[in-house]
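Let me begin by presenting the structure, written as structure tokens, before commenting on it.
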Amino acid sequence: MSTSSKAVEPPLESAGWVSSFLRSAAGRAAITGFGGAVLIAIGGLGAGSTRQHDPLLESAGLSWLRFGHGLVVSSVLMWLGVVLMLLAWLGLGRHVIADKVTKESLMIVIPCWLLPLLTSVPVFSRDAYSYLAQGALLRDGFDPYVVGPVENPNPLLENVSPIWSTTTAPYGPLFILIARFVTQVIGDDVVAGTMLLRLCMLPGLALLVWATPRVAQHLGANASKALWICVLNPLVIIHLMGGVHNEMLMVGLMMAGIALVLERHHVWGMSVVALAVAVKATAGLALPFLVWIWMRRLIDHTDEGPPQEKRRSPIAAFVMASAASVAIVVAVFAVLSWIAGVGLGWLTALAGSVKIINWLTVPTAVANIINVVAGLFVTVNFDALLEITRIIGVIVIAVSLPVVWWRHRHNDRDAMCGILWSMVIVVLMAPAALPWYYTWPLAIAGPLLQSRAAIAAIAGFSTWIMVIFKPDGSHGMYVWIHVLIAATCAAVAWRMINTAPEPHDPEPAVAPAPAPAA
């Protein structure tokens, strides 16, 4: 990339700006990722999480994409799109590490990768159909925390995964209200419903884009690296947005609330994090650590006040911060629950994830390994074994979280590390997990873990997660060739980032010059 004045100075015409950007590392990544996203959207028509009976595809003469050779073509297109997006992300990451890509350039890449997926069918998951069915329950006068979608027969129900059709909603009142709003607007139209539901996730992405650089700046981290890790990551773009997951809204609200607390807007920050909890309970892991931050600010405030003002004790500050935080959370939930006309039944539904069995959590992985090894010699009751390992996992969580909370109370960075550790422990030791669950700690890791080794590890793991799951939402963890392919891709991703050029390369970062005002 040239370092001449032409590349640095604002061009006279907008065409010059476009040309300059397209020649940059970010521009090349934007084009490659855009192509990959287009292929995913096209391939998703046959290989994605399509409707059980899709009259739209049939009327367009495209139903052949879902069967036989058509399904093979769709699958090839979709996997080619995933590969292109991964290569675009990893290639861009090499330039980010070398400090050759600016935050402003990344802001242009994000919509380029996202736009094609806004019109695709849900990919890598069928959760969007469950969301719609749960929203229809509230719309039609049922309590989604008491009954499952099966109690409300309608066209939305046939697309819900069987294991979730009888499960009550494990989501907070804010998300249930959003799902009801979508079904009130579109009725029982599945296609329009998934599109509108995806648009409702966009504010979460926007909040994540807004908050991540602010958190990075507060912690003295690189904003470009943080955005690359937790926004442009294919787990976010493909799984959260392409798959239409409410984690997108939860993570965005949580990070926005954290940013506000770090910027001393404590009441607003806690309120926004409470909204995140009202989408999905996981965001609540951040609240106790934000109390530490608020407590220290209350102490610092008296230290910076008039000399005659008595210094506030840590205990008094802690009590004030805790009481205020609890009051805010209670108020937010009281209002949202009153609007939705529901109670706290969603908390009891959180146990519904035990129906998921894969290798993404330690208890389930250990149970599978013991079953395979011990099964060579004796008969193993896998269900009983799995129950034991999962109980142990829950005990580890219950013991670890208070310890982590107490040990990470000293400063803002310490508190952020505590949030990260808490989320990692919960994801790894919970009874079950799915790929998009790992976006919880990913959002916190972006501004925190920016060493080359950490970024390479994140790249390798993110790639493995992307490849091990199939476009229709199933996984290949019991197919050894699939596991080997995923591991190989992860190793390639790790090496691509680990061998990225050093930041002291003489070529400076060049932001695309803004187009001239009309």
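The values are calculated or read from the model by the stated rules, or taken from the named source; none is laboratory data. Quantities reported herein were computed from a predicted structural model and do not represent experimental measurements. Every residue, glycine as well, gets a Cβ built from its backbone with ideal geometry; the counts of neighbours run over all protein chains shown. SASA here: full protein model, heavy atoms, side chains in, ligands and nucleic acids out. Shrake-Rupley method; radii C 1.70, N 1.55, O 1.52, S 1.80 Å.
Per residue, how much accessible area does the chain show when a 1.4 Å probe rolls over the protein heavy atoms, in square angstrom?
With all protein chains present, the chain gives 42 Å² per residue.
Could you order ARG94, ARG198, ARG126 by accessible surface area, starting with the largest, using a probe radius of 1.4 Å?
Descending order: ARG94, ARG126, ARG198.
In Å and whole numbers, how far do the C-alpha atoms of the range 90-142 stretch along each principal axis, longest first?
55, 20, 19
For the chain: lysine pairs with Cα atoms under 29 Å, gap of 8 or more or different chains, count?
Number of lysine pairs found: 10.
Carbon and sulfur: what percent of the range 360-518's accessible surface (1.4 Å probe)?
73
Could you tell me the calculated FRET efficiency between THR499 and ILE31, based on Cβ-Cβ distance and R0 = 30 angstrom, to the nearest 0.05?
Result of the calculation: an efficiency of 0.80.
Please give the contour-minus-distance gain from LEU376 to SER451: 0.36 nm per residue of separation, less the Cα-Cα distance, rounded to one decimal in nm.
Once the chain is fully extended between LEU376 and SER451, it gains 22.7 nm.
Rank by packing, highest mean first: peptides 184-192, 442-450, with packing defined as the count of other Cβ atoms within 10 Å averaged across residues.
Descending mean neighbour count gives 442-450, 184-192.
For Cα pairs less than 8 Å apart in space and 6+ apart in sequence, what is the mean separation divided by the residue count of the chain, i.e. the relative contact order in percent?
20
Taking 1 over the mean of 1/r across every pair of different Cα atoms in the chain, what Kirkwood radius in Å do you get?
24.3
At a Förster distance of 30 Å, what's the computed FRET efficiency of LEU199 paired with SER322, Cβ-Cβ distance as r, to 0.05?
It comes to 0.20.
Using alpha carbon centroids, what distance separates the range 274-291 and the range 17-42, in Å?
36
If we sort 23-29, 396-402 on the protection proxy, mean other Cβ atoms within 10 Å, highest first, what's the order?
In descending order of packing, they fall as 23-29, 396-402.
Compute the Kirkwood hydrodynamic radius of the range 362-499, taking the inverse of the mean of 1/r over all pairs of distinct Cα atoms, and give it in Å to one decimal.
16.9
Full extension from ALA365 to THR166: what is 0.36 nm times the residue separation minus their Cα-Cα distance, to one decimal in nm?
69.0 nm
Rounded to the nearest 0.05, what FRET efficiency is calculated for THR488 and HIS410 with R0 set to 35 Å and r the Cβ-Cβ distance?
Once rounded, the FRET efficiency stands at 0.25.
Rounded to whole Å and sorted largest first, list the principal axis extents of the Cα atoms in the range 188-318.
66, 34, 19
Expressed as a whole number of Å, what is the distance separating the alpha-carbon centroids of the range 114-193 and the range 319-343?
A separation of 25 Å, based on Cα centres.
So for VAL244, VAL380, what's the accessible-area order with a 1.4 Å probe, most first?
If we order VAL244, VAL380 from most to least accessible, we get VAL380, VAL244.
Could you order ASP383, ASP472 by accessible surface area, starting with the largest, using a probe radius of 1.4 Å?
ASP383, ASP472
Hey, what do the phi angles of the range 104-121 turn into as Karplus ³J(HN,Hα) couplings, whole Hz, using 6.51/-1.76/1.60 and θ = phi - 60°, x for Gly and Pro?
For the range 104-121, the Karplus curve yields 4, 5, 5, 5, 7, 5, 3, x, 4, 7, 8, 3, x, 7, 5, 10, 7, 5 Hz.
What full-extension length gain, to one decimal in nm, is calculated for THR348 and GLN217 as 0.36 nm per residue of separation minus the Cα-Cα distance?
Contour length minus Cα-Cα distance gives 43.3 nm.
In Å, what Rg and Dmax follow from the Cα atoms of the range 216-274?
12.8, 35
So for each of 313-325, 72-84 I average, over its residues, the number of other beta carbons within 10 Å; can you give me the resulting order with the highest mean first?
72-84, 313-325
Long-range amide H contacts for HIS475: which residues qualify at under 5 Å (H placed 1.01 Å from N, peptide plane, sequence gap of 5 or more or a different chain)?
LYS470
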